[in-house]
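The values are calculated or read from the model by the stated rules, or taken from the named source; none is laboratory data. This one's a predicted model, so the numbers in the text were calculated from it and none came from an experiment. Heads up, the Cβs are rebuilt from the backbone with ideal geometry, glycines too, and the neighbour counts pull from every protein chain shown.
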Amino acid sequence: MIGIGIDLVDVDRFRNSMIRTPGLKNRLFLPSEQEYSERQTDPTERYAARFAAKEAVLKALNLGLGGIAFCDIEITHARSGEPQILLHGKAIDVARDAGVQKWLLTLTHTHTTAAAVAVAL
């Protein structure tokens, strides 16, 4: 194991941040992530879970905020529904240099809280 990261997000706080800062959605999420989230009854729950996942990835790579652009980390799903991490740009290089060959990811959320755990192997 190379690293493990966990993050917890308050859904209402995240909702308020997105309302106060309309450009935040485009800074944090790729169009595919936005499309998926916007199809849901409460998109903010999905956005918060994806944000938690991106933070967890940064922690698993032993990086802080700003170490990699959030849009260089994409959260997708396999056909089975399993969440997956796709890296782009600088994130590919950082993960490769750290020796990451595989990622494990789990997401969960309620109406109030979203959480994610990422494991770099």
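In the range 1-45, how many residues are surrounded by fewer than 11 Cβ atoms within 10 Å (Cβ to Cβ), under 19 Å from Ala56 (Cβ atoms) and of a type outside the set (D, E, K, R)?
1
Go through the range 1-36 and report how many residues are of a type in the set (S, T, N, Q) and either at pLDDT below 95 or more than 30 Å from Arg96 (Cβ to Cβ) (or both).
So the answer is 3.
Can you tell me which residue among Thr41, Thr76 is in a loop (DSSP other than H, G, I, E, B) and either within 20 Å of Ala118 (Cα to Cα) or out of contact with any strand residue (DSSP E or B) (no Cβ under 8 Å at 6 or more places or on another chain) (or both)?
Numbers: Thr76 fails: in a loop (DSSP other than H, G, I, E, B).
Testing whether each residue is in a loop (DSSP other than H, G, I, E, B) and either within 20 Å of Ala118 (Cα to Cα) or out of contact with any strand residue (DSSP E or B) (no Cβ under 8 Å at 6 or more places or on another chain) (or both) leaves just Thr41.
Taking the range 4-33 on its own, how many of its residues are free of Cβ contacts under 8 Å to residues at least 12 places away in the same chain and either in contact with a Phe, Trp or Tyr (Cβ under 6 Å, 6 or more places away or on another chain) or of a type outside the set (A, V, I, L, M) (or both)?
The first filter runs over the range 4-33 and keeps only residues free of Cβ contacts under 8 Å to residues at least 12 places away in the same chain, leaving 13, 16-17, 19-24, 26, 31.
Checking the rest, the ones that are also either in contact with a Phe, Trp or Tyr (Cβ under 6 Å, 6 or more places away or on another chain) or of a type outside the set (A, V, I, L, M) (or both) come to 13, 16-17, 20-23, 26, 31.
The total comes to 9.
Looking only at the range 82-121, which residues are within 15 Å of the chain's Cα centre (by Cα) and polar (S, T, N, Q)?
Gln84, Thr106, Thr108, Thr113, listed by residue number.
In the list Arg39, Arg15, Arg79, Arg46, which residue meets the criterion of being within 14 Å of the chain's Cα centre (by Cα), basic (Lys, Arg) and farther than 12 Å from Leu105 by Cα?
Values: Arg39 fails: within 14 Å of the chain's Cα centre (by Cα); Arg15 fails: within 14 Å of the chain's Cα centre (by Cα); Arg79 fails: within 14 Å of the chain's Cα centre (by Cα).
The conditions single out Arg46.
If I ask for residues that are surrounded by fewer than 20 Cβ atoms within 10 Å (Cβ to Cβ) and part of a loop (DSSP other than H, G, I, E, B), which ones from the range 46-73 would you list?
Within the range 46-73, Asn62, Leu63, Gly64, Leu65, Gly66, Gly67, Ala69 meet the criteria.
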